[in-house]
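The values are calculated or read from the model by the stated rules, or taken from the named source; none is laboratory data. All of these numbers come straight from a predicted model, not from anything done at the bench. Reconstructed Cβ throughout: ideal geometry from the backbone, glycine too, with neighbour counts over all protein chains shown. With ligands, DNA and RNA removed, areas are computed over all heavy atoms of the protein, side chains included. Shrake-Rupley method; radii C 1.70, N 1.55, O 1.52, S 1.80 Å.
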Amino acid sequence: MNQISVLMTYPMFTNLEKLLEKHYNLLRLWELKDHEQEHFLKANADTIKAVVACAEAGINKKMINLLPRLEIVSTFSVGYDKIDLIKCRERGVKVTNTPDVVTEDVADLAIALALSTLRKICGADGFVRKGLWKMGDFCISTKLSGKSVGIVGLGRIGSAIAKRAEAFNCPVSYYSRSRKLNNDYKYYTNIIDLAANCQILFVACALTEETRYIINREVLDALGREGILINIGRGLHVEESELVSALLDGRLGGAGIDVFENEPDVPDQLFGLDNVVLLPHVGTSTMETCTEMADLVIKNLEAHFKNEPLLTPVL
Ligand code: NAP
């Protein structure tokens with residue numbers, strides 16, 4: 001398959017690059033300056049049949065238009081909010097993602113964020129490293145076990161968070177577009193009611209036009225001054241300026257955040273707060289999960305070019 005060029009949009013995982021290089025002519029878009037990219041795509045348009053995208057860099061309408069021989073976009077992520085699905089459908093371009101293999105890691109990280117935020121683990125670690133322990137005890141923190149948990153989006157990751165929350169004796173409730181019949185968790189048809197009736201709110205839904213800024217001032221105020229927001233979904237789920245002002249005003253108890261509106265930019269105001277934990281979008285960043293994701297990307301491409309059924313099709 002060496003005559004097929006695969007365009008990778010972002011440096012997502014070195015082992016995936018190595019695997020792609022074995023089978024295809026791999027083109028690395030991120031190595032080019034912004035103003036060079038259009039010329040590069042036009043120059044390679046005859047051979048680029050596949051794009052490997054990710055949560056950081058997808059493919060928009062303009063890029064799709066520049067690639068007339070594009071057949072498949074295989075994203076190294078479960079979310080496909082940065083891929084123009086309408087244009088892909090219109091052009092007959094297939095799309096695959098990496099569901100299921102990421103679920104455990106992201107749910108683990110969500111719980112880790114809740115624990116770190118409530119128990120002030122990052123602050124306590126800094127306290128020891130800075131030698132402050134010799135001068136007195138670290139401050140009192142807040143308990144996780146038994147706290148009521150609300151989940152926005154009870155899909156694969158949301159359900160895995162719920163399962164973990166149950167192990168901490170946390171009553172679980174959720175909001176999504178439809179009630180799930182395979183569990184006894186309390187279902188809210190309204191996100192404000194969910195936020196008003198839980199102590200820790202996890203955001204785990206897909207990013208769509210409907211869920212953009214689903215966490216706004218009203219939701220944050222409903223969660224309240226003792227409430228904790230954990231976002232492992234996408235940055236655009238949360239109206240970040242409202243989150244910052246709720247935290248600064250003391251209208252929200254704290255936040256654990258893995259994803260931001262303008263990654264890798266994070267609002268400076270958050271850096272000085274000890275009731276937030278800030279992570280650089282590392283939900284799936286374990287060797288084990290990245291290896292499984294890379295494997296799925298490769299297998300989907302192989303299946304496509306052999307005219308076999310795709311393993312994890314989105315389109
Ligand atoms: P999933 O199984 O498809 O679950 C998505 C959930 O979103 C569904 O339960 C769906 O429930 C809900 N949803 C969709 N539209 C909604 C709306 N308008 N209002 C409320 N809920 C809505 O996907 P998943 O595998 O759990 O992944 C979820 C998301 O996590 C991904 O899309 C991705 O953005 C994010 N993620 C982040 C990381 C990270 O590194 N931080 C890693 C992996 C994934 P209903 O259909 O019932 O509404």
Which lysines does LYS143 reach when only Cα atoms under 27 Å apart count, and residues fewer than 8 places away in its own chain are ignored?
-> LYS120, LYS130, LYS134, LYS163, LYS186
Kindly identify region 103-278 as rounded, prolate or oblate by the Cα gyration tensor criterion: order the square roots of the eigenvalues as a ≥ b ≥ c, call it rounded if a/c is under 1.5, otherwise compare a/b with b/c, prolate if a/b is larger, else oblate.
-> prolate
Which one of GLY233, GLY131, GLY123 has the biggest mean-square fluctuation once the chain is modelled by GNM with Cα springs under 10 Å?
-> GLY131
Along the positive direction of the dipole of region 103-278 (beta-carbon charges: Lys, Arg +1; Asp, Glu -1; about the Cα centre), which of LEU132, GLY250, LEU220 reaches farthest?
-> LEU132
Stretched fully, the stretch from GLU21 through LYS143 gains (0.36 nm per residue minus C-alpha distance, one decimal, in nm) 39.1 nm
Compute the Rg to Rh ratio over the chain from the alpha carbon atoms, using the Kirkwood formula for Rh, and round to two decimal places.
-> 1.02
Other-chain or far-sequence residues with amide H under 5 Å of THR75's (modelled H) = ALA53, THR96, ASN97
Over 20 Å between C-alpha atoms is what I'm after, so list which of LYS33/LYS87; LYS18/LYS299; LYS18/LYS94; LYS82/LYS306; LYS18/LYS61 land there.
-> LYS33/LYS87; LYS18/LYS94; LYS82/LYS306; LYS18/LYS61
For SER241 and THR208 in one chain, what is 0.36 nm times their gap in residues minus the Cα-Cα distance, to one decimal in nm?
-> 9.9 nm
If you take every DSSP beta bridge whose two residues both sit in the chain, what share of them, in percent to the nearest 5, is antiparallel?
-> 5 percent
Membrane-span-like helices (DSSP H runs, Cα span along own axis at least 18 Å, mean Kyte-Doolittle at least -1.0) in the chain -> 103-119, 287-305
Enumerate the amide H contacts of VAL276 below 5 Å, restricted to partners 5 or more residues apart or on another chain; note that Pro and chain-start residues carry no placed amide H.
-> ALA255
Segment ILE86-THR47, extension gain: residue separation times 0.36 nm, minus the distance between their alpha carbons | 11.7 nm
What is the spin-label model distance, in nm, from ASP34 to ASN65 if the labels are put 7 Å beyond Cα along the C-beta direction?
-> 1.9 nm
Portion, in percent, of the accessible area of the chain that falls on carbon or sulfur, probe 1.4 Å = 49 percent
Helix-only [θ]222 nm of the chain, DSSP H runs n ≥ 4, -39500 (n - 2.57) each, per residue, nearest 500 | -10500 deg cm²/dmol
Approximate spin-label separation ASN182-GLN3, in nm, with each point projected 7 Å along Cα-to-Cβ = 4.5 nm
GNM flexibility winner over the chain from MET293, MET12, MET63 (Cα, springs under 10 Å) = MET63
